[in-house]
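The values are calculated or read from the model by the stated rules, or taken from the named source; none is laboratory data. Fair warning: this is a prediction, and the values are worked out from it, not measured in the lab. Using ideal geometry, Cβ is built from the backbone for each residue, glycine included, and neighbour counts are taken over all protein chains shown. The area values use the complete protein model at the heavy-atom level, side chains included, leaving out ligands, DNA and RNA. Shrake-Rupley method; radii C 1.70, N 1.55, O 1.52, S 1.80 Å.
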Amino acid sequence: MDTFVNPIPGIRLDKALCFDFPLGTTSKEYRTPGCNRNVDLTQPTGPGRTPSSEVPAMEGVYGLLGTPKRNQGFPCIGEYPNPEAEDPSPHDQIIDIDREATFDHTARLSGNFVKYLVQANHQSVVKMTMVALTQNIPPLPLWNSGLISLIPMTKGPNVWYWENPATRTELIFTAHAVILRNRWRELGIKPGIYKLVINWEFWDIEGGRKERMPISGFDESMSFELSDATVDF
């Protein structure tokens, strides 16, 4: 299993609350301005509806999770803002080390208990880590969102917002990491193949007290290659 989210289907819940990485069933659902949506491999059966034979490993355990129930998607990777003409768009798992890149991952808190989490002291943090698969080096901290309040904001990257403010049952966050080319140099990264690990944490913070909340998740379904610098002929 290469993905974990808590709670999972079948576990008894005292109040309705789910955390997942949803696929939209329309082009507008869970679409954060300026960000790429979770990668959907359910085509051609229709967006987010019926899983194909190639779906995230967590689909068998976590598929059709949340309120409303949704299939699960992959994080999206790509060169940004100037991909090469021959690169796939928007998802590209080969990143040139001399170019900037973007990593997007959308998560959702859903259910009729979500509105009670909306307090300034309830905060989340998203951490993206690179784990080398072709080199013997320690994990590298790629990006950290910092602590973000669960109070809904205007729809945009790296903030929580209501998918539908009228119902207040789906709280959405797209972790949008823009990696500048000098970040690769700062980390001393060499070309190679890496696993992308995205960890989602939730905290109750009041004064000097910091308590981990019983909501969490991580995803390690995506690997990518950091390639040598682009060669233009």
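For the range 166-189, the condition of being assigned to a strand (DSSP E or B), among the aromatic types (Phe, Trp, Tyr) and more than 21 Å from PRO22 (Cα to Cα) holds for none of the residues. Looking across LEU180, LEU150, LEU226, one residue alone is in contact with a Leu (Cβ under 7 Å, 6 or more places away or on another chain) and of a type in the set (A, V, I, L, M). It is LEU150.
Listed by first and then second residue, the pairs with beta-carbon distance under 7 Å, at least 6 apart or on different chains, first residue in the range 112-140 and more than 25 Å from VAL178 (Cβ to Cβ), second exposed (fewer than 12 other Cβ atoms within 10 Å of the Cβ), are PHE113/LYS15; ASN121/GLU206.
Within the range 79-94, the residues that satisfy the criterion of being modelled with pLDDT of 85 or more and either farther than 21 Å from GLU186 by Cβ or over 18 Å from the mean Cα position of the chain (by Cα) (or both) are PRO90, HIS91, ASP92, GLN93, ILE94. Set side by side, the residues ASP96, ASP104, ASP92 differ, and just one is in contact with a His (Cβ under 7 Å, 6 or more places away or on another chain) and of a type outside the set (Val, Ile, Thr), which is ASP104. Would you check which residues across the range 49-66 are at pLDDT 55 or above and either in a loop (DSSP other than H, G, I, E, B) or open to solvent by 70 Å² or more (accessible area, probe 1.4 Å) (or both) and list them? ARG49, THR50, GLY60, GLY63, LEU64, GLY66, listed by residue number. A count restricted to the range 127-177 and to residues that are modelled with pLDDT under 95 and in contact with a Ser or Thr (Cβ under 8 Å, 6 or more places away or on another chain) stands at 1. Would you check if ILE198 is touching a His at 6+ places or on another chain (Cβ under 6 Å), in a strand (DSSP E or B) and under 28 Å from GLU84 (Cα atoms)? It is true that ILE198 is touching a His at 6+ places or on another chain (Cβ under 6 Å), in a strand (DSSP E or B) and under 28 Å from GLU84 (Cα atoms).
In this structure, is THR169 within 25 Å of LYS69 (Cα to Cα), crowded, with 17+ Cβ neighbours inside 10 Å and β-branched (Val, Ile, Thr)?
For THR169, the condition - within 25 Å of LYS69 (Cα to Cα), crowded, with 17+ Cβ neighbours inside 10 Å and β-branched (Val, Ile, Thr) - is met.
The residue that is nearest to TYR194 (Cα to Cα), counting only those in the range 106-147 that are among the hydroxyl-bearing types (Ser, Thr, Tyr) and either surrounded by 16 or more Cβ atoms within 10 Å (Cβ to Cβ) or under 13 Å from the mean Cα position of the chain (by Cα) (or both), is THR129. Taking the range 67-100 as the range and being aromatic (Phe, Trp, Tyr) and part of a strand (DSSP E or B) as the test, only PHE74 passes.
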